[in-house]
Amino acid sequence: MTAAKAKTSGHAPFELMKLPYEDTALEPVISAKTISFHHGKHHKTYVETLNKLIAGTEFEGQSLESIIKATHKDEAKRKIFNNAGQVWNHDFFWNSLDPKGGKPTGKMKEMIESSFGSYEDFKKKLTETGVEQFGSGWAWLCLEGGKLMLKKTPNAESMLTEKGCKALLTIDVWEHAYYLDYQNKRPDFLSAVIDKLLNWRFAEQNLG
Ligand code: MN
């Protein structure tokens, strides 16, 4: 499950990440229909648009992470940032999910309990974090100063440009992530993903 690292170390032309599971594997929490649009259309379009935008530019030979850091907060390069950020965020999101997900065990269980009190408190706070992101964005579990923290980012922003903050897991809270399955009920989508699909092995690998 180190696909996100492998994918982001390459350079243009970028390729759409192959999902690490079948498109029906996340059902009933996330339907194959949602996957077909979310991965097969939204994510794919970010990859294709990024490749077009950087063709023939200084960014063509750079890694995805370098492009994101170089274009962050640069108004003239906002389109490149948005598409590069969305490619990275989606690679990270698909790796944050596991058809066999459930409650954390071992080291992640200990860290969740020492940082949030209990798994139930963690779940409540991560759900709130995702719900409170107004409009499109992402909810993150990250490591900051040796402690687990919850953060939210708008649009294509991520933890890559947050100093001292390392992403462990993310949940996409753009409407395209849940609307076909949950319509307007973002809290229900978050609750189901947290209970059934989080990839705690991926989180532990990202502790570094
Ligand atoms: Mn998305």
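Side notes on the structure shown:
- Residue satisfying condition, being within 12 Å of the chain's Cα centre (by Cα) and more than 13 Å from the ligand (Cβ to nearest atom), within set Leu141, Leu148: Leu141
- Single unsatisfied condition, Lys166 versus (1) buried (at least 17 other Cβ atoms within 10 Å of the Cβ); (2) in contact with a Gly (Cβ under 9 Å, 6 or more places away or on another chain); (3) of a type in the set (Lys, Arg): (1)
- When residues of segment 153-178 are limited to those that are touching a residue at least 40 places away in the same chain (Cβ under 8 Å), of a type outside the set (Gly, Ala, Ser) and assigned to a helix (DSSP H, G or I), the one nearest to the ligand (Cβ to nearest atom): His176
- Leu150 being within 26 Å of His38 (Cβ to Cβ) and buried (at least 21 other Cβ atoms within 10 Å of the Cβ): no
- Restricted to segment 61-152, the set of helices (runs of 4 or more DSSP H) holding at least 3 residues that are without any contact (Cβ under 8 Å) to a residue 40 or more places away in the chain and farther than 27 Å from Tyr178 by Cβ comprises 64-71, 106-116.
- Residue check, Gly56 more than 16 Å from the ligand (Cβ to nearest atom) and in contact (Cβ under 8 Å) with a residue 24 or more places away in the chain: no
- Subset of segment 67-117 [more than 23 Å from Leu168 (Cβ to Cβ) and of a type in the set (Gly, Ala, Ser)]: Ala70, Ala76
Each row is one residue, and each column tells you yes or no for (1) more than 16 Å from the ligand (Cβ to nearest atom); (2) over 28 Å from Glu204 (Cα atoms).
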site	(1), (2)
Pro13	yes, yes
Leu16	no, no
Thr24	yes, no
Glu75	yes, yes
Arg78	yes, yes
Gln86	no, no
Asp98	yes, no
Gly101	yes, no
Lys109	yes, no
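Read-outs throughout are calculated quantities, based only on the coordinates presented, and are distinct from any laboratory measurement. Note that this is a predicted model, so its numbers are computed, not measured. Glycine also receives a Cβ, built like all others from the backbone with ideal geometry; neighbour counts cover every protein chain displayed.
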